[in-house]
Amino acid sequence: MLYIVGIGAGSREGMTIAAQQAIERSELIVGYTKYAELIKEYFPDKNYFTTGMKQERDRVEAALKESGNKTVSLICSGDPQLFGMAGLAYELSPAHPDAKIVVVPGVTAAFSGGAVLGSPLTMDFAVISLSDLLTPAEKIRKRLECAAECDMVIVIYNPSSKSRADYLKKACDIVLKHRSGDTVCGYVRNIGRDGQESRVLTLSQLRDTAVDMFTTVYIGNSETRAINGKMVTPRGYRNV
């Protein structure tokens with residue numbers, strides 16, 4: 001059996017009961033090194049197989065192979081479907097016809113970070129990764145343009161890195177063509193982990209803010225408000 005498990009932000013409190021049960025049932029835990037380190041303190045007696053960044057195929061292949069004779073959990077941060085390993089596991093599964101795969105959902109950063117900020121995702125929203133390792137930069141720019149033009153709240157994953165230090169600034173410039181610089185925005189870093197920090201700010205301020213890969217960014221729509229220091233997107237219940 002291969003469980004593909006979303007561990008949320010990585011804290012025990014942020015995992016679903018189903019995620020914990022799948023890991024407890026597993027003889028081997030497979031995952032990105034950083035994510036394995038997050039859960040080892042909760043499951044210290046498990047055997048672990050880890051790989052680094054850009055070795056996703058290697059660890060998924062290993063998980064599929066090992067699941068032929070043991071129960072395996074392939075762990076992903078947040079939810080395993082959203083920028084996770086669930087899709088790749090199914091893509092590679094034809095080479096392992098006896099593999100039994102169960103996807104165990106988790107709380108993705110969009111929602112766990114949104115809860116820290118308040119309630120920015122009460123209405124329609126788009127989740128867009130700024131990483132161009134697997135997606136052409138032009139396609140990312142087009143998605144940002146369309147989401148900004150149709151006034152959806154935008155959640156940005158992978159907003160910056162050492163090699164992409166100015167990507168968030170460029171993304172904000174795209175959105176600023178369609179929205180006011182006073183648009184309410186927010187970000188959360190290290191969601192649910194030690195050193196968690198968050199801030200509600202304007203789009204103009206966000207443009208010049210330094211963030212990293214462990215930060216999730218929220219750009220509000222035309223209705224988003226700052227209420228008592230929280231980022232809130234009303235759905236319109238008060239107008240009914």
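The values are calculated or read from the model by the stated rules, or taken from the named source; none is laboratory data. A quick note: this is a predicted structure, and the numbers were derived from the prediction, not measured. So basically every Cβ, Gly included, is an ideal-geometry build from the backbone, and we count neighbours across all protein chains shown. Surface accessibility is based on the protein's heavy atoms, side chains included, excluding ligands, DNA and RNA. Shrake-Rupley method; radii C 1.70, N 1.55, O 1.52, S 1.80 Å.
Grab the Cα-Cα distance for ALA18 and ASP151, subtract it from 0.36 nm times how many residues apart they are, and report the gain in nm with one decimal.
Working: separation 133, 0.36 × 133 = 47.88 nm, distance 3.54 nm.
So the extension gain works out to 44.3 nm.
Amide H of ILE227 versus every other amide H placed in the peptide plane: which residues, excluding those fewer than 5 positions away on the same chain, fall under 5 Å?
It is VAL232, by chain and number.
What residues from segment 42-69 fall in the zone where the backbone N is under 19 Å from a label point 7 Å along the Cα-to-C-beta line of LEU134?
Hits in segment 42-69 for LEU134 at 19 Å: 50-65.
Taking amide H positions as placed in the peptide plane 1.01 Å from N, state which residues far from TYR48 in sequence (5 or more) or on other chains have amide H under 5 Å from it.
ILE29
For segment 183-240, with every protein chain kept in place, what is the accessible area per residue (1.4 Å probe, Å²)?
56 Å²
Which residue, chosen from GLY6, SER160, GLN55, occupies the Cα position most advanced towards the positive end of the dipole of the chain, where the dipole is computed from +1 (Lys, Arg) and -1 (Asp, Glu) charges on Cβ about the Cα centre?
SER160
Quick one: with all protein chains in place, what share of the accessible area of segment 96-205 is carbon or sulfur, to the nearest percent (1.4 Å probe)?
Answer for segment 96-205: carbon and sulfur cover 52 percent of the accessible area.
Using only the alpha carbons of segment 69-223, determine the length spanned along each of the three principal axes and report them from longest to shortest in whole angstroms.
Here the spans come out as 56, 34, 32 Å, largest first.
Can you work out ³J(HN,Hα) from phi for every residue in segment 79-96, in order, using Karplus 6.51 cos²θ - 1.76 cosθ + 1.60 and θ = phi - 60°, giving whole Hz and x for Gly and Pro?
The phi angles translate into 10, x, 7, 7, 6, x, 9, 4, x, 5, 4, 5, 4, 8, 5, x, 7, 10 Hz.
Quote the FRET efficiency, to the nearest 0.05, computed for ARG235 versus ASP98 with a Förster distance R0 of 45 Å and r equal to the Cβ-Cβ distance.
0.45
How much length, in nm to one decimal, is gained on full extension between GLN205 and LYS40, taken as 0.36 nm per residue of separation minus their Cα-Cα distance?
The span from GLN205 to LYS40 would gain 55.6 nm if fully extended.
Could you pull the accessible area for CYS150 with a 1.4 Å probe, rounded to 10 Å²?
Looks like 80 Å² after rounding.
As a test of the formula, what do you get for the chain when each DSSP H run with n ≥ 4 contributes -39,500 (n - 2.57) and the sum is divided by the residue count, at 222 nm and rounded to the nearest 500 deg cm²/dmol?
Helices in the chain give a 222 nm mean residue ellipticity of -8500 deg cm²/dmol.
What number, in percent, do you get for the relative contact order of the chain if the mean sequence gap of Cα pairs under 8 Å and at least 6 apart is divided by its residue count?
Reported as a whole number, the value is 20 percent.
Lysines near LYS100 by alpha-carbon distance under 16 Å, same-chain residues fewer than 8 away left out - which ones?
Cα-Cα hits under 16 Å: LYS65, LYS70.
Could you do me a favour and compute the accessible area per residue for segment 27-79, 1.4 Å probe, result in Å²?
With all protein chains present, segment 27-79 gives 51 Å² per residue.
Residues in segment 53-81, backbone N under 17 Å from the label point at ALA115 (7 Å along the Cα-to-beta-carbon vector): list them, ranges by number please.
So the set is 77-80.
List the residues, sorted by chain then number, that are 5 or more residues from ARG199 or on another chain and whose placed amide H is less than 5 Å from its amide H.
Under 5 Å from the amide H of ARG199: TYR187.
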